[in-house]
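First comes the structure, then the notes that go with it.
The values are calculated or read from the model by the stated rules, or taken from the named source; none is laboratory data. A quick note: this is a predicted structure, and the numbers were derived from the prediction, not measured. Cβ: placed from backbone, ideal geometry, glycine included. Neighbour counts: every protein chain shown.
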Amino acid sequence: MKFKIAIFTLISAISLCNAQVKKWTLEECVTYAVEHNISVAQFNLDLESVKLDKSDALGAFIPSLNGQASVSGNTGLILDPTTNNLVSGTIMSSSMNLTSSVTLFDGLRNFKNLQRAKLNAIAGQYRLDDLVDDIRLNVANAYLQILSNKEALKVAKAQLAVTEQDLNRTKELVDAGVVPKGDLLELEATVASQQQQIVNNEGLVLISKINLAQFLQITDYDSFDIADDSFEVPPTSILDNSAKTIFDKALTFRNDIQLSQANVDLAAKDVEIAKGAYMPTLGAFFNYNTRYSDQNRNPFTGEDLNFIDQLWLNDGISYGAQLNVPIFNGWSTRNNVTRAKIALDRTKLQYEADKLALEATIQQSYVDVKTFGKAYEAAQKTLEARRIAYDYAKDRFEVGLMNSFDFSQAQSRVDDAEANVIRTKYDYIFRIKILEFYFGLPIQLN
């Protein structure tokens, strides 16, 4: 009785552990990958850093304010800073300054730097969103690969079960002297081959799980698994649109294209900023200062003046404006403008190259959907024909009109056809999702 209770407890514990293993859906995988991916975290930090440029640009419009204070002691023949007289002895003195300055005009460079900071923040967001798009595609591909490998494993196990039934039936026929023992050995070899295929498929499932787990930054590979759903080819109307229509729409929202366009705008703004160095700069300043000396005395009474009285008596202000006109600077301004123009031309060329690359990718994806669709249909027809041929071979084998080698070959052809259907099905699904993704549709399997 105690043994039965222990067995029941063990089975319950195993069942509970299995029940606690999370089965990840595609949507959960994509969301988790975006939230926990290291590259996304790094790009988010870069985006926060870029946003500080806007604060720097705004700060350039605000007057600066700086304070300074100093205390010094001098011994010997020295100049009293409060009376400008030479005295002999030891003097303790201090001074304080408060200075403010502001740029009134600098060729609009501050204003354009602010515009550039805003553009750079937009470009940083496009860069982050483009990375997220790539992660979504990679996660979807890895997820579908697991589904494909799992389905192939199920088919392999089902095929092994059928072959084992044939093996048991053949053993009975051999024992009865109906078929030669060579047929039995051939089927035993087929069983061993299918068992090896199952081991290989189990390895592929594990590797594909690890691959997806790494996208999600999950290291508990043993308990990681996805939902055991089998997806059929989803209905789609994406091919109702031409490749040109899909490309034209992709240009309006694709983050990589928006990023490329933002880089062109940034380069154009850099040209404007560089040209601003040709213009004069005008600034204004205001200064308040005061000083103290332990040798300073009241000119009427001869008494030492205290610290506060000296600060009020010796204070003063200065203010003014400063104009700088660039006349010649060794061609540095001209060269900087030329460099900025070259960078602008380079980003324009890159923008055109990115559009061509996107168009080529969409054209290839469009062809892939058609090609893999036809390949999937052909694989299904092949499997149907192989199954009919197998049923015919099985009937002949059971009545002794076919040897075990030819029968195992028929079984092998069915196995290959079923594996090909699985592979082409998920390849077709992924190509559909890629093309829909370029058309602006979210990646969903159901």
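What number of residues in region 312-328 are under 21 Å from residue 278 (Cβ atoms) and either of a type in the set (Gly, Ala, Ser) or within 44 Å of the chain's Cα centre (by Cα) (or both)?
Residues flagged as under 21 Å from residue 278 (Cβ atoms) and either of a type in the set (Gly, Ala, Ser) or within 44 Å of the chain's Cα centre (by Cα) (or both) within region 312-328 amount to 1.
From the list 406, 415, 345, 391, pick out the single residue that is part of a helix (DSSP H, G or I), within 30 Å of residue 253 (Cα to Cα) and out of contact with any strand residue (DSSP E or B) (no Cβ under 7 Å at 6 or more places or on another chain). Lay out the reasoning, then the answer.
On the way: 406 fails: within 30 Å of residue 253 (Cα to Cα); 415 fails: within 30 Å of residue 253 (Cα to Cα); 391 fails: within 30 Å of residue 253 (Cα to Cα).
Going through 406, 415, 345, 391 in turn, just one is part of a helix (DSSP H, G or I), within 30 Å of residue 253 (Cα to Cα) and out of contact with any strand residue (DSSP E or B) (no Cβ under 7 Å at 6 or more places or on another chain): 345.
Among the residues of region 241-251, is there at least one that is hydrophobic (A, V, I, L, M, F, W, C), assigned to a helix (DSSP H, G or I) and either farther than 28 Å from residue 372 by Cα or without any contact (Cβ under 8 Å) to a residue 24 or more places away in the chain (or both)?
Of all residues in region 241-251, those hydrophobic (A, V, I, L, M, F, W, C) come to 243, 246-247, 250-251.
Subsequent filtering for residues that are assigned to a helix (DSSP H, G or I) retains 243, 246-247, 250-251.
From what's left, either farther than 28 Å from residue 372 by Cα or without any contact (Cβ under 8 Å) to a residue 24 or more places away in the chain (or both): none.
There is no residue in region 241-251 that is hydrophobic (A, V, I, L, M, F, W, C), assigned to a helix (DSSP H, G or I) and either farther than 28 Å from residue 372 by Cα or without any contact (Cβ under 8 Å) to a residue 24 or more places away in the chain (or both).
Take the residues of region 329-344 that are more than 20 Å from residue 116 (Cα to Cα) and of a type in the set (Gly, Ala, Ser): which is modelled with the highest pLDDT? Even if it seems obvious, please write down each step before you answer.
Applying the first criterion (more than 20 Å from residue 116 (Cα to Cα)) to region 329-344 yields 329-332, 334-335.
With of a type in the set (Gly, Ala, Ser) added as a condition, the list becomes 330, 332.
Details: 330: 83, 332: 89.
Among them, the one singled out is 332.
Can you go through 118, 112, 154 and tell me which one is under 30 Å from residue 65 (Cβ atoms), surrounded by fewer than 17 Cβ atoms within 10 Å (Cβ to Cβ) and of a type in the set (D, E, K, R)?
Residue meeting the stated conditions: 118.
Can you tell me which of 276, 283, 320, 302 is assigned to a loop (DSSP other than H, G, I, E, B) and either modelled with pLDDT of 90 or more or not hydrophobic (A, V, I, L, M, F, W, C) (or both)?
302
Going through region 120-151 one residue at a time, which ones are of a type in the set (S, T, N, Q) and under 23 Å from residue 226 (Cα atoms)?
In the first step, residues of region 120-151 are kept if they are of a type in the set (S, T, N, Q); the result is 120, 125, 138, 141, 145, 148-149.
Scanning region 120-151 gives 138, 141, 145, 148, 149.
The conditions are (1) part of a helix (DSSP H, G or I); (2) closer than 30 Å to residue 31 by Cα; (3) in contact (Cβ under 8 Å) with a residue 40 or more places away in the chain; (4) out of contact with any Phe, Trp or Tyr (no Cβ under 9 Å at 6 or more places or on another chain), and residue 373 fails exactly one of them. Which is it?
(4)
Check off (1) in contact (Cβ under 8 Å) with a residue 24 or more places away in the chain; (2) charged (D, E, K, R); (3) over 30 Å from residue 192 (Cα atoms) for residue 398 and give me the number that stays unchecked.
Tallying (1) in contact (Cβ under 8 Å) with a residue 24 or more places away in the chain; (2) charged (D, E, K, R); (3) over 30 Å from residue 192 (Cα atoms), residue 398 fails exactly one: (3).
Has region 196-216 got any residue that is exposed (fewer than 13 other Cβ atoms within 10 Å of the Cβ), charged (D, E, K, R) and more than 30 Å from residue 400 (Cβ to Cβ)?
Scanning region 196-216, I find no residue that is exposed (fewer than 13 other Cβ atoms within 10 Å of the Cβ), charged (D, E, K, R) and more than 30 Å from residue 400 (Cβ to Cβ), so the answer is no.
Six or more apart or on different chains, Cβ under 6 Å: which pairs go from a residue in region 134-161 that's acidic (Asp, Glu) to one that's part of a helix (DSSP H, G or I)? Could you list them?
Cβ pairs passing all conditions: 151/422.
Buried (at least 19 other Cβ atoms within 10 Å of the Cβ) and either among the aromatic types (Phe, Trp, Tyr) or over 30 Å from residue 252 (Cβ atoms) (or both) - does that describe any residue in region 354-367?
yes
Looking at (1) over 26 Å from residue 147 (Cβ atoms); (2) surrounded by fewer than 17 Cβ atoms within 10 Å (Cβ to Cβ), find the lone condition where residue 380 falls short.
Single failed check for residue 380: (1).
Residues being surrounded by 15 or more Cβ atoms within 10 Å (Cβ to Cβ) and in contact (Cβ under 8 Å) with a residue 24 or more places away in the chain: count how many of those fall in region 170-179.
2
Are there any helices (runs of 4 or more DSSP H) wholly within region 1-75 with 2 or more residues that are at pLDDT 80 or above and either in contact with a Gly (Cβ under 7 Å, 6 or more places away or on another chain) or within 30 Å of residue 288 (Cα to Cα) (or both), and if so which?
By residue number, 38-59.
Is region 88-99 home to any residue that is without any contact (Cβ under 8 Å) to a residue 60 or more places away in the chain and outside any strand (DSSP E or B)?
Keep residues of region 88-99 that are without any contact (Cβ under 8 Å) to a residue 60 or more places away in the chain, which gives 88, 90.
Restricting the remaining residues to those that are outside any strand (DSSP E or B) gives none.
Looking through region 88-99, none of the residues is without any contact (Cβ under 8 Å) to a residue 60 or more places away in the chain and outside any strand (DSSP E or B).
Picking from 119, 104, which residue would you name as being more than 30 Å from residue 40 (Cβ to Cβ), at pLDDT 85 or above and in contact with a Leu (Cβ under 6 Å, 6 or more places away or on another chain)?
Result: 104 is the single residue among 119, 104 that is more than 30 Å from residue 40 (Cβ to Cβ), at pLDDT 85 or above and in contact with a Leu (Cβ under 6 Å, 6 or more places away or on another chain).
Considering each of 330, 400 in turn, give the residue that is on the phi > 0 side of the Ramachandran plot, touching a Leu at 6+ places or on another chain (Cβ under 9 Å) and not in a helix (DSSP H, G or I).
Sole residue among the options that is on the phi > 0 side of the Ramachandran plot, touching a Leu at 6+ places or on another chain (Cβ under 9 Å) and not in a helix (DSSP H, G or I): 400.
Counting only residues that are over 30 Å from residue 443 (Cα atoms), loosely packed, with under 12 Cβ neighbours inside 10 Å and among the aliphatic types (A, V, I, L, M), how many does region 26-74 have?
Here the count works out to 5.
Which condition number does residue 185 fail, the rest of (1) surrounded by 15 or more Cβ atoms within 10 Å (Cβ to Cβ); (2) part of a helix (DSSP H, G or I) being met?
Of the numbered conditions (1) surrounded by 15 or more Cβ atoms within 10 Å (Cβ to Cβ); (2) part of a helix (DSSP H, G or I), the odd one out for residue 185 is (1).
Would you pick out the residues in region 83-104 that are small (Gly, Ala, Ser) and in contact with a Lys or Arg (Cβ under 8 Å, 6 or more places away or on another chain)?
If the condition is that a residue be small (Gly, Ala, Ser) and in contact with a Lys or Arg (Cβ under 8 Å, 6 or more places away or on another chain), then 93, 94, 95 are the ones that fit.
Quick check: anything in region 122-134 in contact with a Gly (Cβ under 8 Å, 6 or more places away or on another chain) and over 30 Å from residue 278 (Cα atoms)? Steps first, please.
Going residue by residue through region 122-134, those that are in contact with a Gly (Cβ under 8 Å, 6 or more places away or on another chain) are none.
Within region 122-134, none of the residues are in contact with a Gly (Cβ under 8 Å, 6 or more places away or on another chain) and over 30 Å from residue 278 (Cα atoms).
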